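The values are calculated or read from the model by the stated rules, or taken from the named source; none is laboratory data. All values derive from a computational prediction rather than experimental measurement. Cβ sites come from the backbone with ideal geometry, for glycine too, and all protein chains shown count toward neighbours.
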């Protein structure tokens with residue numbers, strides 16, 4: 001496995017490699033358009049173009065046949081240090097590729113607690129990483145990228161609204177559910193985030 005970064009390909013003599021790499025990375029995750037409308041536009045117009053500045057980078061790993069098997073899209077500016085996308089080919093999961101990408105991402109972002117979000121169905125896949133780095137769930141946003149899909153935010157917020165109080169209330173009630181101590185007036189269906197029922 002070889003780890004690399006897109007910034008090494010920003011020179012005129014590497015233009016063709018740059019185009020091939022960015023297209024390969026996009027095609028690997030083209031399916032994300034289903035859950036993230038506008039993903040293609042974001043990837044090329046914001047992430048790839050942003051790599052020409054110090055604020056963005058794409059770190060990627062290739063296998064022995066030069067196939068890109070994982071990558072992370074990163075953003076580091078005055079507002080946030082964020083892992084925008086972290087992807088590992090399903091055939092290489094649980095092989096250390098994700099951990100290596102994360103370590104390199106942390107170096108670029110200069111923090112072990114970057115803003116990162118996961119949809120609910122992806123949480124189990126990242127549970128060990130969340131625990132290892134002691135990432136803090138700071139926000140749950142419903143429908144920010146796609147209607148009906150919740151984003152679980154760690155180490156920061158996607159919205160300007162402070163959900164901390166609501167999250168603490170949700171966690172308190174979930175703890176009661178887990179301990180079998182839910183009271184009649186503690187119904188979870190009364191809680192909402194962004195005016196959407198949980």
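Table: residues versus (1) closer than 30 Å to residue 148 by Cα; (2) in contact with a strand residue (DSSP E or B) (Cβ under 8 Å, 6 or more places away or on another chain); (3) loosely packed, with under 14 Cβ neighbours inside 10 Å.
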residue: 2; (1), (2), (3): no, yes, yes
residue: 13; (1), (2), (3): no, no, yes
residue: 16; (1), (2), (3): no, no, yes
residue: 23; (1), (2), (3): yes, no, yes
residue: 34; (1), (2), (3): yes, no, yes
residue: 37; (1), (2), (3): yes, no, yes
residue: 41; (1), (2), (3): yes, no, yes
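Looking only at residues in the stretch 52-71 that are farther than 12 Å from residue 84 by Cβ and surrounded by 12 or more Cβ atoms within 10 Å (Cβ to Cβ), the one that is nearest to the chain's Cα centre (by Cα) is 70. Criterion applied to 101, 74 was being assigned to a strand (DSSP E or B), under 27 Å from residue 138 (Cα atoms) and either in the same structural domain as residue 155 (by TED's automatic domain parsing) or within 15 Å of the chain's Cα centre (by Cα) (or both), and the one residue passing it is 74. Of all residues in the stretch 1-24, those satisfying the criterion of being within 21 Å of residue 85 (Cβ to Cβ) and in a loop (DSSP other than H, G, I, E, B) are 1, 10. Got at least one residue in the stretch 104-111 being surrounded by fewer than 16 Cβ atoms within 10 Å (Cβ to Cβ) and touching a helix residue (DSSP H, G or I) at 6+ places or on another chain (Cβ under 9 Å)? Within the stretch 104-111 (the criterion being surrounded by fewer than 16 Cβ atoms within 10 Å (Cβ to Cβ) and touching a helix residue (DSSP H, G or I) at 6+ places or on another chain (Cβ under 9 Å)), the answer is no, since none of the residues qualifies.
Residues in the stretch 56-84 that are more than 27 Å from residue 1 (Cβ to Cβ) and either touching a strand residue (DSSP E or B) at 6+ places or on another chain (Cβ under 6 Å) or modelled with pLDDT of 95 or more (or both): 80 alone. No other residue among 107, 46 is outside the structural domain of residue 147 (by TED's automatic domain parsing) and modelled with pLDDT of 95 or more apart from 107. Quick check: anything in the stretch 156-175 modelled with pLDDT of 85 or more and either under 22 Å from residue 42 (Cα atoms) or assigned to a helix (DSSP H, G or I) (or both)? Yes.
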